[in-house]
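The structure appears right after this line, and notes come after that.
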Protein chains: 2
Amino acid sequence: MFREGETAGRIYQLVHGRVMLYKLLPDGRRQVVEVIGPGGVFGITCLPIYDCSAETLVAVEVIAHERAAAEQSVDLSRELGAQVQAQFCAMHDHVVLLGRKSALERVASFVMHAVPGRGVFNCPGPPRDGGDSIDIPIGMTRHEIADYLGLTLETVSRVLSEFRRRGIVVTEGHDHLRVNDICQMCRLTGAHETTGTRSQGRSSETCAALTESA
Amino acid sequence: MFREGETAGRIYQLVHGRVMLYKLLPDGRRQVVEVIGPGGVFGITCLPIYDCSAETLVAVEVIAHERAAAEQSVDLSRELGAQVQAQFCAMHDHVVLLGRKSALERVASFVMHAVPGRGVFNCPGPPRDGGDSIDIPIGMTRHEIADYLGLTLETVSRVLSEFRRRGIVVTEGHDHLRVNDICQMCRLTGAHETTGTRSQGRSSETCAALTESA
DNA sequence: CGGGAATTTGACAGTGGTCAAGTGCCGTGG
DNA sequence: CCACGGCACTTGACCACTGTCAAATTCCCG
């Protein structure tokens, strides 16, 4: 949709679909800095140029606001502001993932975030009534996932295979997962106590819950 | 100043000093998600509770805004909004650092960001007139730096020793660095072409320049 | 001039990256 | 409807970088 360095004329708000924001290092290394879902805002920058590139992951519907207008309108800036707060928190979580989590924890976190009624990390108890498995359309290639999680595509593939081996997930084609044991997956994210103490309560991955629900 | 999980009643704006925002995983791993300088805003969250803890690095002076008030006032939300944009970009840069840079590049980036007239990564030519060395007060322990850069304190220490060995920096006590070859340091950040092609121009670490200057 | 904490340094191990084959999925064309 | 080709993915072997654990050493402060 736009590239890092282009004149930043517009701010976009996503209605449908998913968009990925990424930055490149001069030697070609790529880091996906955000994956935007419905409601999300992108094109935000403090300079006259975009600080990262935006690419669609699927067909999308967006609302484009002229940057100047967005900063004028009170209503608009209020709405965008609320959204930005959510993304701010989501990014904090992602920084923790990149800085401190193992490959296994990163992929587990990624899968948990893709769960439809997802992100609500104060685990709403055991799975949802019964042990239903949950179907997840991934919608990103291994390469994109790797660049999002700060890994290589080989490592992502290996971890998914490990989940498969443990019976936590089942693959259905390359971009569909079926999660059999959501609780186990949740535990592997590293974001929750696994030791005896029960109902400890507070989760650090707080805001993720609101990122796409707003 | 406040802890992750506490009721988020206020938004703070820093006047003097430096504040560090961090999150903890249940097993004790810590990740510093932002280091806020003068002008910076913190306490932003999309939930009724803070999503991370805030701790001062030095004595600070802050302006505290009631959260409700900040969202009402047009002027205030406009000012904070501008600041948030800058921090948004800075965080994008930091995500790239955490996801894709080597230990050496991370520490080099950290040092460059600490340079007074810093962050301006479109290298304003060679050093500043002559080869003056630049003095940098670090103001963080190795442990804090490590938790910011997603490394261990030993690795940070080793990299700084390596810089010393190469003659790029000189240590003056534990929290003062003298950078002799700022250009070399800049090159080691990984954010710039090192191959022949001259004045390529565009840097990806764009917004860092404005983070603290605003 | 001590005492304790922060830092440095060393030895070693493990996670994840790199390189190189395989294998499977899917769309195209026969 | 089936064969083919290409790309995405998986798997394996190996290795480098960074983490871990354990001393030394330095610095800072009383």
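No lab work stands behind these numbers, since they all come straight from the coordinates. The shown structure was predicted, so the numbers you read here are calculated from the model rather than taken from an experiment. When we count neighbours, we look across all protein chains shown, and the Cβ atoms used for this are built from the backbone with ideal geometry, even at glycine.
Structure notes:
- At 7 Å out from Cα toward Cβ: B:Pro38 inter-copy label distances (nm, ascending): 4.7
- Inter-chain shielding of A:184-192 (mean C-beta neighbours from other protein chains, 10 Å cut-off): 1
- Karplus (6.51, -1.76, 1.60) ³J(HN,Hα), θ = phi - 60°, over region A:100-109, in Hz, Gly and Pro reported as x: 10, 9, 6, 4, 4, 5, 5, 5, 4, 4
- Calculated label separations, B:Ser157, copies of the chain, 7 Å along the beta-carbon direction, nm: 4.0
- The phi-based Karplus calculation (6.51 cos²θ - 1.76 cosθ + 1.60; θ = phi - 60°) puts the 3J(HN,Hα) values of region A:51-65 at 8, 7, 8, 10, 9, 7, 9, 9, 4, 10, 10, 10, 10, 9, 10 Hz, whole numbers, x for Gly and Pro.
- Between identical copies, the spacing of B:Ala82 label points, each set 7 Å from Cα toward the C-beta atom, reads 2.5 nm from nearest to farthest.
- Other protein chain Cβ atoms within 10 Å, averaged over every residue that makes up B:29-37: 4
- Peptide B:19-25 is shielded by partner chain Cβ atoms: per residue, an average of 4 of them sit within 10 Å of its Cβ.
- R0 of 41 Å, Cβ-Cβ distance B:Glu162-A:Thr7: FRET efficiency to nearest 0.05: 0.55
- Debye intensity ratio I(q)/I(0), log10, region A:1-99, q values 0.20, 0.21 Å⁻¹ (C-alpha model): -1.08, -1.18
- Förster-model FRET efficiency, 25 Å R0, A:Glu172 and A:Arg29, C-beta, rounded to 0.05: 0.20
- In terms of other Cβ atoms within 10 Å, A:Tyr12, A:Tyr148 run from fewest to most in the order A:Tyr12, A:Tyr148.
- Simple label model, 7 Å out from Cα along Cβ direction - B:Gln72 to B:Ala59, nm: 3.4
- Proximal charge balance of A:His65 [Cβ under 12 Å; K/R count +1, D/E count -1]: -2
- Most to least packed among B:99-111, B:13-25 [average Cβ atoms within 10 Å]: B:99-111, B:13-25
- Charge sum, other residues only, whose C-beta stays under 15 Å from A:Arg78's C-beta, Lys/Arg counted +1 and Asp/Glu -1: -4
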